[in-house]
């Protein structure tokens, strides 16, 4: 970032910090998230954002995933404005949009028969936990080390723990991911290594009658897209069915992104409950828990409260309807996948051409570049292979050439329907120059 940009952005940051805690709206946007300086956006459209200095960036950050159709797509804006003109921002009563949105979601998701909407992924995970515990009458939820399921006290555990805190790789200890989380929550939390069938089998044998659910990202997106081993998700499904526990897929990142039916369609495994957010609303603040009728019946009978003042507000329901209708159109996912694969393979090839080891992890529409030639199956594999300092150098070099993505090695690149193949080609040209600039600093 040039000095003039830094000065103007810093002035805006200083002003923000007078009243806004930390000067940011989310911890994923600050300097602790990897940004060397604040980046303030003046406007955004399609697959680009423009900084306050007038500089345009091709955007592969996409607000960390929600913008499956890019920034301010006219089609979504028209649908949302029509809802605003008719209903206002919210009515606190029922509208026909709720049923329409529910129908498009349920019809898209292989496992879903019923759905309830909320406003953030964290909320939806909290509700999925509660449903599982209410349905089974059991207290414990099994989760996997390195997965992210929102920042509530019940789920914000073992997200990126140190090895010294977490203990043995085959039997990790639950580690609270932030201060202020009661230690007692660890008593109803079991943490296991990802992609380890034996560890899950052992826990199910020893403590199965206490386990309400197993929750998992079907793709470990929280650590740069570590994919499941063949058969691993199916084995979780088999074990949870045998044990009478629910299987929860947290598809906040993968839902409506990997395919119309999300990761469960891509991998061919149906959970009892699915958490949805991000791409489902095309950039509007909406999430959901979708599930089988058996799992959701307790909510449908209104025996388990599912509350929220802003739930199913007309603007978000209109966004869900139009976003999913658009994604249903012929060729949309084929093109998204082609865009992602051209970009990801091109980046990998540019690094290899510079003599650097590189692999791409992730199935096309969301991926990450890793500077290694080794496979990763677990959180600890990924952490051991990460090159966060070098990745930030790459981020800075690309930002200087008008390409935006998250500076954290353990985040991702996203593509949208607004991206073009010409943008991908421009990005690869920028990457070639950026890699030439930083390759000598690889260690």
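What follows draws every value from the coordinates through simple rules; no lab data is involved. Keep in mind it's a predicted model, so treat the numbers as computed, not measured. Glycine gets a Cβ as well: all are built from the backbone with ideal geometry, and neighbour counts include every protein chain shown.
A simple spin-label model places pseudo-atoms 7 Å from Cα toward Cβ; at residue 235 and residue 442 they are separated by 3.3 nm. Spatial offset of region 43-115 relative to region 236-301 amounts to 20 Å, using the alpha carbon center of each. Sort region 66-184 into rounded, prolate or oblate with this rule: let a ≥ b ≥ c be the square roots of the eigenvalues of the Cα gyration tensor; rounded if a/c is under 1.5, and if a/c is not under 1.5, prolate when a/b is larger than b/c, oblate otherwise. Prolate, because a/c is 1.5 or more and a/b exceeds b/c. Here's the picture: a label point sits 7 Å out from the Cα of residue 86 along the beta-carbon direction, and within region 285-319 the residues with their amide nitrogen under 13 Å of it are 314-319.
Each Cα pair under 8 Å and six or more residues apart adds its sequence gap; the mean of these over the residue count of the chain is a relative contact order of 21 percent. Which of rounded, prolate or oblate describes region 379-443 when judged by the alpha-carbon gyration tensor and an a/c cut-off of 1.5? Oblate is the answer for region 379-443, as a/c is 1.5 or above yet b/c matches or exceeds a/b. Quick one: grab the alpha carbon gyration tensor of the chain, order the square roots of its eigenvalues as a ≥ b ≥ c, and give me rounded if a/c is under 1.5, else prolate or oblate depending on whether a/b is larger than b/c. Since a/c reaches 1.5 but b/c is at least a/b, the shape of the chain is classed as oblate. With each label modelled as a point 7 angstrom along the Cα→C-beta vector, the residue 303-residue 33 pair spans 4.1 nm.
Spin-label pair residue 392-residue 164: with each label point 7 Å from Cα along the Cα-Cβ axis, the two points sit 2.0 nm from one another. Select from 105, 359, 415 the residue whose mean-square fluctuation is largest in a Gaussian network model of the chain (Cα-Cα springs shorter than 10 Å). So, out of 105, 359, 415, the one fluctuating most is 359. Compare 307, 327, 339 in a GNM of the chain, Cα atoms joined below 10 Å, and give the one with the largest fluctuation. Between 307, 327, 339, it is 307 that shows the largest mean-square fluctuation. Computed from the Cβ-Cβ distance with R0 of 45 Å, the FRET efficiency linking residue 63 to residue 209 stands at 0.60. When restricted to Cα atoms, region 74-328 yields an Rg and a Dmax of 18.1, 57 Å, respectively.
GNM on the chain, alpha-carbon springs under 10 angstrom: the most fluctuating residue among 127, 12, 204 is 12.
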